[in-house]
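Notes follow once the structure below has been shown.
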Amino acid sequence: MPNTSREAAKAPERLVSSVLSAWEGDGAEAISARMLASAAGLPVSAIHYHFGGLGQLLDAAQADAIASARAWCEAQQEAIGKAAISPDMLGPLLACLIDDWCEMQRGLAFAWREGQLMALRDPDRCWAARQWDQMWQAFFDQLCAGMGLSEFATLTAWFFDGASGLHILRWRRPLDRSALEELCNGWAAWLGGKLAPQGGWFDTGQRDAQMLAATPEPSDSVAETIANAAAQVVAESGVTALTHRAVAAAANVTLGTVSYKFRTSADLMRAAFDGIYRRMQSRSPVRLGESAAMTMEEVAALAEQGAPSRADMLGSGELCIATARNPAFQPFAAQLRYLRGRGSARILERALGRDQAISPVDGAILSAVLGGRGQACNSTGRASPGDLAPLIQRLASGRT
């Protein structure tokens, strides 16, 4: 006969495990008490018996994921060792950490993103996002201190957030891993006062991703209206609500018009992201159409005021994590990985007062850091001491 007391003792663990699996495979919007109980092989009443309700179970799953992530951080620190590490060794190390986190700890990586999204959906439920933020800050405080880079610990934590948020998107594994190494080497170069080295793999990814992107019709106001409506649907109701019919209602156009302009679900997701991206660009304190170099005061304004709104961070985060879950959206994943950062490259170009174009890797680095900063501001409400202006000033002073 089965040991019922032992099985009962395992019930909370099985329920927490079912939440972590659901976050990786389905997302928060698809979660229900019935679904989780079924996955755990338990009656729905077990959730109330062991946790008091669905919300408490989700909180317990976040706490479990954070504890596991702390153990991972401690294991990485132990594996790195206590020997002095030179700053130019940071790039390969960061690439290794990001790749291991997104591939070998994938369930935890999704739990982290769900914790951030939970805080964006409901500011009163930001405890998990704050604990994740504190954990990563402590990890990078220790890591950067060992390299003599303590002043850049917060910025490096932001970079890790933004870069890992893109690396969780799977497309072509050898290309993605090689491009990640170039991105991390570029960040190490930034901390040394230099722009990123030329990134052949990243350039290849950007070129191939561009070939997958649909070319929009010039000055297509109807398509722009639909894209804005798609962004609104995602921000208000999540990715599961992003249907052609829902977008048609939000845009006040016919279903046929939406289907004609954006034929597939991936096309509709791309439209939603484009709508969010345009809003984020319109709120930037820097106007990209201007040609004059920015002053350091303008750079500071970008660092302090340029963070996306809570709604845009939520919409962008929902789209990215949904794309990471669904292999059918691989072409869109390629575009998110390699076509983001083009606006950031133009901003950086003006910040440095250069005539030549900034590389795609440099644009992607700035985009990753700003993305991580946006999460820190919007998910946790933390006024971080990290500041981009001195780093960009360092880049400007070191240019040839």
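The values are calculated or read from the model by the stated rules, or taken from the named source; none is laboratory data. Keep in mind the model is a prediction, meaning the values are calculated, not measured. So basically every Cβ, Gly included, is an ideal-geometry build from the backbone, and we count neighbours across all protein chains shown. Only protein heavy atoms, including side chains, enter the accessible area calculation; ligands, DNA and RNA are left aside. Shrake-Rupley method; radii C 1.70, N 1.55, O 1.52, S 1.80 Å.
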Of PHE110, PHE273, which has the most accessible area with a 1.4 Å probe, and how do the rest follow in descending order?
-> PHE273, PHE110
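Using the 2.2 N^0.38 Å rule of thumb for compact globular proteins, work out how the chain stacks up: its C-alpha Rg over that value, please.
Numbers: Rg = 21.7 Å, N = 400, 2.2 N^0.38 = 21.4 Å.
The value comes to 1.01.
Which net charge results for the neighbourhood of ASP176, defined as the other residues with beta-carbon distances under 15 angstrom from its beta-carbon, given Lys and Arg at +1 and Asp and Glu at -1? Intermediate values should be presented prior to the final figure.
Working: positive: ARG106, ARG170, ARG172, ARG173, ARG177, ARG207, ARG337, ARG340; negative: ASP99, ASP100, GLU103, GLU181, GLU182, ASP203, ASP208.
Result for the neighbourhood of ASP176: +1.
Could you order GLU114, GLU236 so the one with the most accessible surface comes first? Probe is 1.4 Å. Write down the numbers at each step before the final one.
Values: GLU114 5, GLU236 135 Å².
Most to least solvent-accessible, the answer reads GLU236, GLU114.
Kirkwood Rh, segment 86-153, all Cα pairs: how many Å?
Details: mean 1/r = 0.0750 Å⁻¹.
After inverting the pairwise mean of 1/r, the radius is 13.3 Å.
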Would you check the accessible area of GLU24, probe 1.4 Å, heavy atoms only, in square angstrom rounded to 10?
-> 70 Å²
To the nearest 10 square angstrom, what accessible area does VAL233 show with a 1.4 Å probe?
-> 10 Å²
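Using just the helices of the chain, give the 222 nm mean residue ellipticity in deg cm²/dmol: DSSP H runs with n ≥ 4 each add -39,500 (n - 2.57), and the total is spread over all residues, rounded to 500. Provide the component values of the computation, followed by the final result.
Values: 20 runs with 288 residues, N = 400.
Computed mean residue ellipticity for the chain: -23500 deg cm²/dmol.
GLN210: net charge of surrounding residues, Cβ under 14 Å, Lys/Arg +1, Asp/Glu -1, itself excluded?
Numbers: positive: ARG207, ARG270, ARG337, ARG340, ARG342; negative: ASP203, ASP208.
Computed value for this residue: +3.
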Rounded to the nearest 10 Å², what accessible area does SER309 show when all protein chains are kept and the probe is 1.4 Å?
-> 30 Å²
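Can you give me the accessible area per residue for the chain, using a 1.4 Å probe, in Å²? Present the calculation step by step, with values, prior to reporting the outcome.
Working: 17580 Å² over 400 residues.
On a per-residue basis, the chain sits at 44 Å².
At 0.36 nm per residue, minus the direct Cα-Cα distance, what do GLN56 and VAL253 gain on full extension? Give it in nm, one decimal, please. Intermediate values should be presented prior to the final figure.
Details: separation 197, 0.36 × 197 = 70.92 nm, distance 4.12 nm.
Contour length minus the Cα-Cα distance gives 66.8 nm.
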CYS96 versus SER68: modelled label distance in nm, points set 7 Å from Cα along the beta carbon direction = 2.3 nm
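How much net charge surrounds VAL361 when only the other residues with a Cβ under 10 Å from the Cβ of VAL361 are counted, with Lys and Arg +1 and Asp and Glu -1? Write out the running numbers ahead of the final one.
Numbers: positive: none; negative: GLU182, ASP203, ASP362.
Taking every other residue near VAL361 into account, the sum is -3.
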Find the centroid of the Cα atoms in segment 132-184 and in segment 63-108, then give the distance between the two in whole Å.
-> 9 Å
